């Protein structure tokens, strides 16, 4: 019995380390999940004279994808957003983060534009409101304008599907 | 050889420059504000390069956050308000000294609990080995220790 104690402590430590090693320290849980999307007025990237309230989509759930032309990982996930846009499953809104209008438009022209709206945030001010610390980041916003999920880093098929499930589940439970 | 020396020298120059560009802050009109600013910079963590404080970091986001802190200080916000602002957006993680709450209880007291457990275990081991000496009784429980002593 006595000999088992160090062994069990060892096993417990191993379990903790095993869990710790599979976690990415760069993924910081956002305190904004469950909170309403901040309401600000932002320029539309593609039509210079148009301003949009970030609350203009309340009533339908949407994906808010934070991207920039200087962000290499954004290109990695881009084809998935393009694919999602053609499926018409859920509106995708872009937040162009700390970029110039010229570079951003060029990037969209070259790589395709999956966005229903693209909010232009050249100073990163709205990004700061959202707690953005590295692009790409993607927020999943429900019909009431509440952030339900945040994904940090490039999206893949599996985590897009999971996040949309989270949105749908919230929606059904609130009906 | 000369080239190598030049390159090494260049590296040091580079480091000096690297430090210099961080001091991009404007000076405060109020002397106390500079102290508050310096203290806050050491308390807030850079989220991009996680083992650096906002004071050390050259990342773009850190620059923005420094500007924000300057703006908030000049706006008359208290240190607490500034920290709350950051925590609301970036989470508890941004504080180098996490606040005591439900999620951080283990972080704050876990080490002390472990220390107490360790002291308890050591005391028990010491006690049981002492009682072995006096009683000379070989219980099956302590057999291992006795074997060790006789060998």
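Bear in mind these aren't lab numbers, they're just calculated from the coordinates by the rules spelled out. Since this is a predicted model, take the numbers as computed values, not measurements. Note that each Cβ is placed from the backbone with ideal geometry, even for glycine, and that neighbours are counted across all protein chains shown.
Overall shape: rounded for the range A:38-163, with the ratio a/c of the largest to smallest alpha carbon gyration tensor axis below 1.5. Note on chain A: antiparallel DSSP beta bridges, both residues inside, total approximately 60 percent of the bridges counted.
For the protein assembly as shown, what class follows from the C-alpha gyration tensor (a ≥ b ≥ c being the square roots of its eigenvalues): rounded when a/c is under 1.5, otherwise prolate if a/b is larger than b/c, else oblate? Since a/c reaches 1.5 and a/b is larger than b/c, the shape of the protein assembly as shown is classed as prolate.
Inverting the pair-averaged 1/r between distinct Cα atoms of the range A:121-169 gives 11.7 Å as its Kirkwood hydrodynamic radius.
When A:139, B:109, A:126 are arranged by Cβ crowding within 10 Å, least crowded first, meaning fewest neighbours, the order is B:109, A:126, A:139.
The helix-based estimate of mean residue ellipticity at 222 nm for chain A, built from -39,500 (n - 2.57) per DSSP H run of four or more residues and divided by its residue count, is -12500 deg cm²/dmol to the nearest 500. Inter-chain neighbour count for A:128-141: the average number of beta-carbon atoms from partner chains within 10 Å of each residue's beta-carbon is 3. Nearest 10 degrees, 0 to 90: what angle lies between the long axis of helix A:4-22 and the longest principal axis of chain A (Cα atoms)? Its long axis makes an angle of about 10 degrees. For the residues of B:85-96, the average number of beta carbons from a partner chain within 10 Å of their own beta carbon is 4. Once you sort the root eigenvalues of the Cα gyration tensor of the range A:52-107 as a ≥ b ≥ c, which label holds: rounded (a/c under 1.5), prolate (a/b larger than b/c) or oblate (the other case)? Oblate. Roughly what % antiparallel, to the nearest 5, for the DSSP beta bridges in the protein assembly as shown? Roughly 65 percent of the beta bridges in the protein assembly as shown run antiparallel, per DSSP.
Relative to the dominant Cα principal axis of chain A, helix A:101-111 is inclined by about 70°. Gain on full extension, evaluated as 0.36 nm per residue between residue A:4 and residue A:75 minus their Cα-Cα distance, stands at 20.3 nm. Helix A:72-87 axis versus longest C-alpha principal axis of chain A: approximately 70°, rounded to the nearest ten.
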